[in-house]
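See below for the structure under consideration.
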């Protein structure tokens, strides 16, 4: 007598978004999840309260792996010193490399030198010694929001994935009008031009995945000296939105 073939088991369909959230929440104790939510809210509150006192600020980004003898370190230090003399608070991620260089420049000029750092992500991601005032964040995304809304001027030196992440975030926020059209300045043409050329050729040219005028969202200069000249020009044209 032939056995009846078993019909295949139906494949489980992907869980709807809400069910996935329920499943994730169920994986933790209720108290732990609730505490985490309060912790996230408290980080946003303390971050915005901390930053609201800085009316004229510049956020400076770049690699954490560049040190004193590197020309990029010296350029960041020079720019921060100049901006500090112009009355800008210098805000960085508070770590080493370009972040340290920027804080170093502001510190040596007697200006406001601020660090917004992350707790325990990298072994070397400690607050550098040139930060005069700072806040630490447990969650990367809360720290990222603070850096994105902290300033009226955003400057990007050569950096890795973190720097690129912040750059594209800022461009997207301006493009989608989630923040005012603040100046975004890239420094070091040798470093940034290949990325821009790739966007020109592949992202826009071959795929039309960005709008034609995407270059309107940022400026490209080659040095701290050029950046200072550009910033002074933008200030004279009232293109830097200072808070009252």
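For the range 203-214, does any single residue satisfy the condition of being under 22 Å from residue 57 (Cα atoms), modelled with pLDDT under 95 and not in a helix (DSSP H, G or I)? Quick ask: steps written out before the conclusion?
Let us first name the residues in the range 203-214 that are under 22 Å from residue 57 (Cα atoms), namely none.
No, the conditions are met nowhere in the range 203-214.
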Point to revise | Residue identified as over 13 Å from the mean Cα position of the chain (by Cα) and farther than 13 Å from residue 64 by Cα among 137, 149 | key: 137
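Taking into account only those residues within the range 223-244 that are part of a loop (DSSP other than H, G, I, E, B) and surrounded by fewer than 16 Cβ atoms within 10 Å (Cβ to Cβ), which is modelled with the lowest pLDDT?
Filtering the range 223-244 for residues part of a loop (DSSP other than H, G, I, E, B) gives 223, 237-244.
Checking which are surrounded by fewer than 16 Cβ atoms within 10 Å (Cβ to Cβ) leaves us with 223, 237-239, 241-244.
Details: 223: 98, 237: 93, 238: 90, 239: 88, 241: 75, 242: 68, 243: 55, 244: 49.
By that ranking, first place goes to 244.
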Check your understanding: Looking at this structure, is residue 187 in contact with a strand residue (DSSP E or B) (Cβ under 8 Å, 6 or more places away or on another chain) and modelled with pLDDT of 95 or more?
Key -> yes
Check your understanding: What are the residue pairs meeting all of these: first residue in the range 23-52, first residue modelled with pLDDT under 65, second residue in a helix (DSSP H, G or I) and surrounded by 11 or more Cβ atoms within 10 Å (Cβ to Cβ), Cβ atoms under 6 Å, and 6 or more apart or on different chains?
Key -> 25/33
Exercise for review: Report yes if residue 193 is in contact with a strand residue (DSSP E or B) (Cβ under 8 Å, 6 or more places away or on another chain) and farther than 26 Å from residue 84 by Cβ, otherwise no.
Suggested key: yes
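So that you can scan it fast, the table gives a plain yes or no per residue for (1) without any contact (Cβ under 8 Å) to a residue 40 or more places away in the chain; (2) within 21 Å of residue 97 (Cα to Cα); (3) crowded, with 16+ Cβ neighbours inside 10 Å; (4) in contact with a strand residue (DSSP E or B) (Cβ under 7 Å, 6 or more places away or on another chain):
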residue: 152; (1), (2), (3), (4): no, no, yes, yes
residue: 167; (1), (2), (3), (4): no, yes, yes, yes
residue: 176; (1), (2), (3), (4): yes, no, no, no
residue: 182; (1), (2), (3), (4): no, no, yes, yes
residue: 202; (1), (2), (3), (4): yes, no, no, no
residue: 215; (1), (2), (3), (4): yes, no, no, no
residue: 219; (1), (2), (3), (4): yes, no, yes, yes
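The values are calculated or read from the model by the stated rules, or taken from the named source; none is laboratory data. In this text, all values refer to a predicted model and were calculated from it rather than measured experimentally. Note: ideal-geometry Cβ built from the backbone for every residue, glycine included; neighbour counts use all protein chains shown.
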